[in-house]
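Accompanying notes for the structure given below.
The values are calculated or read from the model by the stated rules, or taken from the named source; none is laboratory data. Computed from a predicted model, the values in this text were never measured in an experiment. Note: ideal-geometry Cβ built from the backbone for every residue, glycine included; neighbour counts use all protein chains shown. Quick note on the areas: whole protein, heavy atoms, side chains included, nothing else; ligands and nucleic acids left out. Shrake-Rupley method; radii C 1.70, N 1.55, O 1.52, S 1.80 Å.
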Amino acid sequence: MIYPVTRSLLPAATLLIERSFGNTAYIEGAIEVLRGAVAAPGSDGIPLAFIASDDAGGDFMVGVIVFGSFGGTNGAGRLHFVAVEDSARRAGVATSLVRTAIESLEQIGARMMLAELPDDPIALPGARAFLEALEFTEESRVENLYREGIAMTFMRRELDRG
C-alpha cells in the first residue's frame, strides 16, 4: 500500500530513513527534505512524500520517497531520495514508490524527472543501477562534489506527458 506521509506518520518515516541511510553523510539532508515535504506539500496539490507499508494491514512502513519540482523550471520533476527497509529490499518497494512519484509528476504535466545522485558505491550501493533500471540516464556529473572521489551525477528520465 502506498499513501502520502502525513504529520502523524513523520516520526515513523524519519526512523525508517535513519535505519535505511545508517551512518552516512546523506541522512541529515534526507530527513530535512522529508520534513519540508510534509510541512508544505506540492503547490499543485500533490503530496511530495509517500510511504509504502507492508501488505498486512499497513502497520509497518517499508519505504519512503520524497520528490517534487525544481523551482523556477518548466516541467522538471526532482527525485530527492528513496529509502527502503533492509528486510524489504529487492521486493519492488522502491520501484513502486518511484512509479507512484512519476505518475504524480506526469499528472501535473512534468516532462522529465531528475535525480541528483551522490555517486557513492559504499554509502549508497546499487543506487545508480536502480535508477538505470528505471530508465534514468546520466545527464551530467560534477566530480569530487561531495568529497574527494565522490561525484554528483545528474540522472534524467523522460516522462509521458499524456
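So here's what we get for this one:
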item: Amide H within-cut-off set for TYR146, under 5 Å, with H built and near neighbours excluded; result: MET152
item: Rel. contact order, % - alpha carbon contacts under 8 angstrom, at least six apart, segment 1-134; result: 22
item: Helix-only mean residue ellipticity at 222 nm for the chain, each DSSP H run of n ≥ 4 adding -39500 (n - 2.57), per residue, nearest 500; result: -9000 deg cm²/dmol
item: Full-extension gain in nm, ALA133 to ILE108, via 0.36 nm per residue minus C-alpha separation; result: 6.6 nm
item: Over the chain: Rg over Rh, Cα atoms, Kirkwood Rh; result: 0.94
item: Theoretical FRET efficiency, 1/(1+(r/R0)^6), r = Cβ-Cβ of ALA123 and SER87, R0 22 Å, to 0.05; result: 0.65
item: Area of TYR26 that stays accessible when all protein chains are in place (1.4 Å probe, Å², to 10); result: 30
item: Contour excess over end-to-end distance, with Cα ends at SER140 and GLU28 and 0.36 nm allotted per residue; result: 37.9 nm
item: Pair GLU18, GLU148: separation of 7 Å Cα→Cβ label points (nm); result: 3.3
item: Under 5 Å, built H, 5+ apart or other chain: amide partners of ALA52; result: VAL62, GLY63, VAL64
item: Kirkwood Rh and Cα Rg combined as Rg/Rh, segment 62-118; result: 1.02
